[in-house]
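Student: Starting off with a structure, shown below.
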Amino acid sequence: QVQLVESGGGSVQPGGSLKLSCAASGTAFRINDMGWYRQAPGMQRELVAIVARDGNRNVSASVKGRFTISRDNAKNTVNLQMDSLRPEDTAVYYCYVFTFASFWGRGTQVTVSL
């Protein structure tokens with residue numbers, strides 16, 4: 001079973017920045033994809049950004065140019081630097097990893113408001 005520990009998140013004004021981090025542990029399998037999804041109230045969970053083990057990235061058009069995803073394969077960690085935040089970025093953000101199956105973190109709240 002893979003354990004995911006998320007950190008970061010919180011409240012920020014529009015235009016501000018936050019950084020999310022996620023550390024994966026408890027697996028002997030190689031972690032392929034790592035990334036982040038988010039879910040706003042009343043909305044479906046949606047992809048924010050995913051980075052494969054080889055560094056290939058899939059970034060949502062809604063955050064491209066504002067959010068940067070990075071990972072450390074040696075430490076099994078993934079980070080999401082979020083800049084130029086907007087109110088519509090408000091959501092619960094979930095860490096995601098794929099090894100032999102998909103695993104999810106518990107989620108961390110990001111709130112962007114005045």
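The values are calculated or read from the model by the stated rules, or taken from the named source; none is laboratory data. Quantities reported herein were computed from a predicted structural model and do not represent experimental measurements. Cβ sites come from the backbone with ideal geometry, for glycine too, and all protein chains shown count toward neighbours. These accessible areas exclude ligands, DNA and RNA; they are computed on the full protein's heavy atoms, side chains included. Shrake-Rupley method; radii C 1.70, N 1.55, O 1.52, S 1.80 Å.
Student: Antiparallel versus total DSSP beta bridges in the chain: what percent is that, nearest 5?
Tutor: About 95 percent, rounded to the nearest 5.
Student: Give the carbon-plus-sulfur fraction of the accessible surface of the range 1-106 in %, rounded to a whole number; probe 1.4 Å, heavy atoms of protein chains only.
Tutor: Values: 2680 of 5670 Å².
C and S fraction of accessible area: 47 percent.
Student: Keeping every protein chain present and rolling a 1.4 Å probe, give me the accessible area per residue for the chain in Å².
Tutor: Values: 6090 Å² over 114 residues.
Here the residues of the chain average 53 Å² of exposed surface.
Student: What ranking of 45, 106 comes out by heavy-atom accessible area, probe 1.4 Å, highest first?
Tutor: Working: 45 95, 106 220 Å².
Solvent-accessible surface, decreasing: 106, 45.
Student: Also: If the label point is 7 Å along Cα→Cβ of residue 84, which residues in the range 1-44 have backbone nitrogen under 17 Å from it?
Tutor: 13-19
Student: Hey, another quick one. Given Cβ point charges of +1 (Lys, Arg) and -1 (Asp, Glu) and nothing else, what value in debye, to the nearest 20, does the dipole of the chain about its Cα centre take? Intermediate results must be reported in sequence, preceding the final value.
Tutor: On the way: 12 positive and 8 negative charges, 25 e Å.
Magnitude of the dipole: close to 120 debye.
Student: Hey, for a label at residue 100 modelled as a point 7 Å past Cα toward Cβ, could you say which residues of the range 15-34 have their backbone N under 18 Å away?
Tutor: 25-33
Student: Sticking with this structure for a sec: Summarise the long-distance tail of P(r) for the range 21-114 by giving the % of C-alpha pairs beyond 14 Å. Show your work: numbers first, answer last.
Tutor: Numbers: 2767 of 4371 pairs.
I get 63 percent for the Cα pairs in the range 21-114 exceeding 14 Å.
Student: Top to bottom by accessible area (1.4 Å), largest first, where do 88, 46 land? Don't skip to the answer; put the middle values down first.
Tutor: Values: 88 120, 46 75 Å².
Ranking 88, 46 by accessible area, largest first, yields 88, 46.
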